[in-house]
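Report on the structure given below.
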Amino acid sequence: MQPAIIWDPLYSEHDTGDHVESPDRAAAIVAHLEQTDLWPHLPVIAPRPATVDDLLTVHTAAHVEKVRETALSGGGWLDADTFVSPRSFEVALLAAGGTLDIAAAWKDGLAPFALVRPPGHHAMPDHAMGFCLFDNIAILARRLLADGLARVLILDWDVHHGNGTQAIFYDDPRVLFVSLHQWPFFPGTGWYSEVGSGDGEGFTVNVPFPPRSTDGDYAHAFIELIDPIVAQFGPEAVLVSSGQDIQADDLLGAMSVTEAGFAQLGARAATLAEQADGRLGLVLEGGYNNAASGRAVEATLRGVAEGYAAPVGGPSAQGKVVIGKAIETQRRYWGL
């Protein structure tokens, strides 16, 4: 696949100050990519802002207005982790819009990585949470469904469980939400038993890995669990909440994923997207060591471009246990 990036310097204007979700996170990844041999072959797409109506496909009007008013009044904390600066509402519209632009890029045969901020996968329908103002990837999924797609896969490999995205689609069988994350950890959700509700039961898949899970653990979760489920689901688009905070050098996570592991993840996402006529889009979520995040995104893009990455070995003993429990849980809904 031909990867691309969606990015704008304005993303740094969501000014969180002295915060782990720093204003230069996305810009630092771009600066790293500029020093690689990928850069001359990497289309850079300028994002367009989303509209308030786009946000309202996922979020309540009261939540959208609270973020807007907080920004207009000079900024402030929405919770203990989540800060709004004077330009944050404007930048958040551009983050959601940059994510929506993934679908337009598919017409040109591109597989974009939207290097947007603020991130989104913790944002709930009615409140901000965990550095996230609006759920960018959920807004794109809702747009795709409204435009006629019948089945969308959202794959989340951030170190933190994507509780906002899970909540938004928990009863919706049109969206298969798969999360691989560290457990126990913030936000405290993402156990095996969280499988969806109502018509959506069985369309939420959680893989709660313990700290120090490895490249091989992630790779074998795909081989033994995710690939078979996705083949049965038959997605028409594959969206990835790409968190670089599973990287071994990250400041917040405690995982042991290396660049080889990220290349595997990118390649496996690209392979899954072959079922969806190549419709693949990745969206920046976490990642709090700028140097490590740059290397992780580079490796992910190489995996996407090549559709193949070198084997990373087998799962750890603890990884086997987790994957086995996830299979046992999901066997009620899928042929595993």
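Quick notes on this structure:
- Qualifying residue in the range 277-293 (condition: closer than 19 Å to Thr204 by Cβ, part of a strand (DSSP E or B) and either modelled with pLDDT of 95 or more or not aliphatic (A, V, I, L, M) (or both)): yes
- Scanning the range 282-333 for residues that are surrounded by fewer than 18 Cβ atoms within 10 Å (Cβ to Cβ) and of a type in the set (Phe, Trp, Tyr), we see that the one that is farthest from Leu265 (Cα to Cα) is Tyr333.
- Qualifying residue in the range 250-268 (condition: surrounded by fewer than 21 Cβ atoms within 10 Å (Cβ to Cβ) and over 25 Å from Gly120 (Cα atoms)): yes
- Within the range 26-60, being among the β-branched types (Val, Ile, Thr) and more than 19 Å from Gly120 (Cα to Cα) holds for Val30, Thr36, Val44, Ile45.
- Only a single item in (1) charged (D, E, K, R); (2) crowded, with 24+ Cβ neighbours inside 10 Å; (3) not in a loop (DSSP other than H, G, I, E, B) is not met by Asp199, and it is number (2).
- Filter pass, Val240 being aliphatic (A, V, I, L, M), under 28 Å from Ala26 (Cβ atoms) and outside any helix (DSSP H, G or I): yes
- Test: residue in the range 248-271 that is charged (D, E, K, R) and outside any helix (DSSP H, G or I): yes
The values are calculated or read from the model by the stated rules, or taken from the named source; none is laboratory data. Just so we're clear, the structure is a prediction, and the values are computed from it rather than from any experiment. Reconstructed Cβ throughout: ideal geometry from the backbone, glycine too, with neighbour counts over all protein chains shown.
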